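Reviewing the structure listed below.
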Amino acid sequence: MFSQILIWLLVASNALGYIYLLYRAWTRVPRRDIDDVVPFLYPVDLSLMESLLDPAADFELRWRLSPRAFREAQRRRMRLYLELLRRMSHNSTVLAEFNSVLLGDDKFTSGPASKLEEEAVKVRLYSWCTRLRLCIWLSLPLNAFGVMPALACLRTAADLDGPKTYDDLKAAAVAAFVQLQPAELETLTRNL
Amino acid sequence: MNVLLQTIPLWLLAVLLFLLLRGHAYKVCPWFFAYVAFGVAAGLVRVLVRNYPHLYYATYWITEAGYDVLGLLVMYELIRTVLQKLARTWWGRLIFPAVLLAGIGLSVVRALSAPPQFSGLAFYIVTGEIAVRCVQALVFTGLVAIVLILGIRWRQYPFGIATGFGGYSFVALLMTTKFSDFGTRFTFLWGWTLLVAYSIAVLIWIWFFSVPQKPETPSPDLPAPSPGALKQHQATMEQYLDWLRRMR
C-alpha cells in the first residue's frame, strides 16, 4: 500500500512535469528587446554586498553592540542581503531572457547556449541556495536561543562565491551585448 | 500483434541512430548513443528469432536486462551533464546514488507487496525494470524542478532525453499500478500501450536530435562587430574593469 502511494506520487509529479514543460513550450520566454532590459534591472550595490559579507564588520558589530542590539542589527542586515539576492536573481533572469532572444530561443543545444546563460544560472543557483538559508534563519526564533549566525558564511553557497559570480555575470553581459551602443552598454552595466 | 506494427519503435530507433551519427551526438551523450544502438540491435535480434519460442524467450529477457542497465547509465549521464556546470559540491555526487537507492527501494517494496507473476531470473529483471522506471521518473521530475527553480533553457539534449524517458516511465508505472485492474485484457493493453508510449518517447528524441546543435557562440545572423566596434568594446571593458577596481 505504502509503495503504491509513493509510485502514485511519482506518476503524478511526472504528469505535472509534463504539463509544466508543455506550458513552457507554449508560452516561451517574454520577447524582450533592448528597451525592455535596462529599465527592468535593479541596481545591485556590490560595495554594500561586500560590507555585509565582511567578517570584520560582523566582528565589529558584535564587539560594539550589546548582544540584544547585535541580534537586531544582524536581522536587519539579513533582510538587506535577502533584498540584494532577490535583485541579483531578477537581473540574471532579465539578462538571460534578453540573451535568449538575441541567440534565438528555438534552437536546441547540448548545454548552456552561451557564457551569459551559464553565468546567469550560477547567479540564480547561488541566490536560491542563500535565500533558502536566510529565510530559514529569519523564520527561526534565533533571538530566543541567543544565537545569531554570521553573514560572512553566506559568501559561498553551492561551491559558488556570490560577489564573484555576480561580477562574472556582469562581465559576460558586457561581452554578450557588444553590439549595443556604448551609451546603452554603460547604462546596462550601471544598472546591474 | 502485427509484426510491422510491433517493429515501429525499431524503425524509429534506426532513424534516431542515424540522426545521432549525423549530428555526432555520441560525443555529447555517449551512453544514450549506446542505448539507441543497443535498442536497434536488440530489436533486430528479437525480430529474427521471433519464430523460435525458447530462443525468443531467452533473447527477450537478456535484452530487457541490457535495456535496464543502459537506461540507468543514461540517467547517470544526464545527472552528470546537467549538474557538472551547476555545482561541484560533495552533495552533488550523492544525487545519483540517492535516486538509485530510492528507485530500488520502491521497486523492492512493491515486489514484496505485489510480487510479479514471474519466477527465477525473470522475476529479478522485472523488479529491476520497475526500479529503472522509478529512477527515470525521479530524474525527469528533478530536472523539471531544476528548470523551474533556476530557469535553465529546457531545449537542451539532456532535457530532451529525460523528457522521452520520463513519458515512457510515466506510462509504464501507471500501467504497473493501475492497469492490472483490467484483468484478462491486461496483457493486450500492456503490449499496445507500452508500444505507443515507447514510440512517442523515440519521436521526442528524434525531435530533439533532428534540429542541428547550435554552436555556443552568438548567432551568425547578428552583424559581425566592425574593428571600430571592437575598439569601443575594448574601451568599455577597460572602463568597466577600472570601475570594478575602484569599487574594491
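Annotation: the residues B:R50, A:R77, B:R153, A:R190, sorted from fewest to most other C-beta atoms within 10 Å of their own C-beta, follow the order A:R190, B:R50, A:R77, B:R153.
Please report the base-10 log of the normalised intensity I(q)/I(0) for chain A, using a Debye sum with one equal scatterer per alpha carbon and no solvent, at each q in 0.09, 0.10, 0.16 (1/Å). For the requested q values the scattering log ratios are -0.46, -0.56, -1.03. Along the axis of the charge dipole computed for segment A:31-191 (Cβ charges of +1 for Lys and Arg, -1 for Asp and Glu, origin at the Cα centre), the listed residues A:L52, A:F40, A:N91 are led at the positive end by A:L52. Remark: mean inter-chain Cβ contacts per residue of A:2-9 equal 6, using a 10 Å Cβ-Cβ cutoff to other protein chain atoms.
Taking the Cα centre of segment A:31-191 as origin and assigning +1 to Lys and Arg Cβ atoms and -1 to Asp and Glu Cβ atoms, the resulting dipole is close to 940 debye. A simple charge model with +1 on the Cβ of Lys and Arg, -1 on the Cβ of Asp and Glu and nothing else charged puts the dipole of segment B:21-176 at about 540 debye relative to its Cα centre.
Ranked for footprinting exposure by Cβ neighbours inside 10 Å, fewest first, B:Y60, B:Y198 give B:Y60, B:Y198.
Dividing the helix sum by the residues of chain A, where each DSSP H run of 4 or more adds -39500 (n - 2.57), gives a mean residue ellipticity at 222 nm of -23500 deg cm²/dmol. Among the DSSP helices (H) of chain A, those spanning at least 24 angstrom by Cα along their long axis with an average Kyte-Doolittle hydropathy of 0.0 or more are A:2-27, A:115-139; this is a geometric and hydropathy rule only.
Quick note: the coordinates plus some simple rules give every number you see, no bench work behind them. Note that the structure is a prediction, hence the values are computed from the model and not measured. Glycine also receives a Cβ, built like all others from the backbone with ideal geometry; neighbour counts cover every protein chain displayed.
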